[in-house]
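None of the figures in this text is laboratory data; all of them are computed from the coordinates on show. Worth saying up front: this structure is predicted, and the values here are computed from it rather than measured. For neighbour counting, all protein chains shown are included, and Cβ atoms are generated from backbone atoms with ideal geometry for every residue, glycine included.
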């Protein structure tokens, strides 16, 4: 089955920039599809996770956390429609954060940040390595995603639900 790669924290605010399309081209022997500019890839040819991580890390111009998960896991998440019942609004982003390794969350759900007042980030659920939630389209959301990572205790690569759906479409193709 295909693998899904998410690289954490690249091409954000002009920092740690590189062109994911070039990395996909360099890895074309593994039938790699680039999705967007945030370092998200679908790898359709068979390769071990260890070998794939080494190939990617060797080609990146900086150190970065590389999350690799099974395409089957992403398809299972997408087919479950975890955001059903959540109103879609232009000022709110549905997101999925992928943990670097599976870890049980040690806080009650839903988690709202900040805890009092006008919320900026809400964690609704988690499944295996996927943390699902909502955040407002505000600059403060980045700091709250950082607080979420601290609370989880492992690095997280966060993508919008729309990106996760795009990954699902590529996996089904």
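What the table shows:
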item: Cα convex hull of the chain, projected area averaged across orientations, nm²; result: 10.0
item: Additional length obtainable on full extension of the chain from residue 76 to residue 63, 0.36 nm per residue less Cα span; result: 1.7 nm
item: Contour excess over end-to-end distance, with Cα ends at residue 46 and residue 154 and 0.36 nm allotted per residue; result: 36.2 nm
item: Cα-based convex hull, region 60-116, per residue volume (Å³, whole number); result: 188
item: Burial order of peptide ranges 58-66, 1-9, 26-34 (average beta-carbon count within 10 Å, highest first); result: 1-9, 26-34, 58-66
item: Percent of Cα pairs exceeding the 17 Å cut-off, where the set is region 82-172; result: 47
item: Helix-only CD estimate at 222 nm, as mean residue ellipticity for the chain, using -39500 (n - 2.57) per DSSP H run (n ≥ 4); result: -9000 deg cm²/dmol
